[in-house]
1. Sequence gap at least 6, Cα distance under 8 Å: using those rules, report the relative contact order of chain A to the nearest whole percent.
2. What are the ³J(HN,Hα) values, in whole Hz, obtained from phi via the Karplus relation 6.51 cos²θ - 1.76 cosθ + 1.60 with θ = phi - 60°, for each residue of the stretch B:27-40 in sequence order, with x given for Gly and Pro?
3. What full-extension length gain, to one decimal in nm, is calculated for residue A:67 and residue A:113 as 0.36 nm per residue of separation minus the Cα-Cα distance?
4. Over chain B, what is the mean sequence separation of C-alpha contacts under 8 Å (at least six apart), divided by residue count, expressed as relative contact order in percent?
5. Work out the P(r) tail for chain B: percent of alpha carbon pairs separated by more than 21 Å, whole number.
6. For the residue pair residue B:14 and residue B:71, what label-to-label distance in nm results when each label sits 7 Å from Cα along the Cα-to-beta-carbon direction?
7. Rounded to the nearest 0.05, what FRET efficiency is calculated for residue B:108 and residue A:82 with R0 set to 30 Å and r the Cβ-Cβ distance?
8. What is the sum of charges around residue B:31, taking Lys and Arg as +1, Asp and Glu as -1, for the other residues whose C-beta is under 10 Å from the C-beta of residue B:31?
Amino acid sequence: KAGVTQTPRYLIKTRGQQVTLSCSPISGHRSVSWYQQTPGQGLQFLFEYFSETQRNKGNFPGRFSGRQFSNSRSEMNVSTLELGDSALYLCASSLVNQRGNTEAFFGQGTRLTVV
Amino acid sequence: GENVEQHPSTLSVQEGDSAVIKCTYSDSASNYFPWYKQELGKGPQLIIDIRSNVGEKKDQRIAVTLNKTAKHFSLHITETQPEDSAVYFCAASRNFGNEKLTFGTGTRLTIIP
């Protein structure tokens, strides 16, 4: 069974540009969450999508947005990039059962560098 | 919101000895506590988790304990091996699930051969 796939693995962008990152969850997983990982702030929750709807949101500015498609694939977008947006962006997928989400499986992440 | 504190930030252990990492959480409504291992260049990998209706869980050399009253939980690794070297993160969430994980700041564990 294929794991969580994130593309691209590495990305270099200039301040002010925008970027779109992609995440393909494990087959059958309908919940996709995004996290930002930096040395200073650690792992921080961005948002979670389930059935094409944003179900949870972290404390990030509106420049960070996302969406989920009918096949559960998800994208996140960051507009007007700032140097501080340089980070490893991680996507995690989960099954959803009657008790809620099951364990989260993480992808390898997209390393974004803003110059 | 939830706040998770993790200690120590770095830990060096002789191969074969035990390692213990501790976390505390602030939100009494949190009821799911997973532990992740992250190796260089990879995403976090779940190694064990515990729900608030259980006090202890063990999986081979790895165990987790939870004290709901004190709001802290710990990871115990016994008979450590060089491949245990990695960064370990604790996390907490509500709803027994992974909808919104709050992570600790991580512990870099080094196993000394």
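Readers should treat all values here as calculations from the given coordinates under stated rules, not as data from a laboratory. All values derive from a computational prediction rather than experimental measurement. Methodologically, a virtual Cβ is constructed for each residue, glycine included, from the backbone with ideal geometry; neighbour enumeration extends over all protein chains shown.
1. Details: 297 pairs, mean separation 41.0, N = 115.
Once divided by the residue count of chain A, the mean separation gives 36 percent.
2. 3J(HN,Hα) across the stretch B:27-40, in whole Hz: 8, 5, 7, 5, 9, 9, 9, x, 10, 10, 10, 10, 9, 4.
3. On the way: separation 46, 0.36 × 46 = 16.56 nm, distance 2.20 nm.
Stretched fully, the residue A:67-residue A:113 segment lengthens by 14.4 nm.
4. On the way: 290 pairs, mean separation 42.3, N = 113.
Once normalised by length, the contact order is 37 percent.
5. Working: 1893 of 6328 pairs.
Counting pairs separated by more than 21 Å, the tail of P(r) holds 30 percent.
6. 3.8
7. On the way: r = 28 Å, r/R0 = 0.93.
For residue B:108 and residue A:82, the calculated efficiency is 0.60.
8. Working: positive: B:51, B:68, B:94; negative: B:27.
Every neighbour counted, the sum reads +2.
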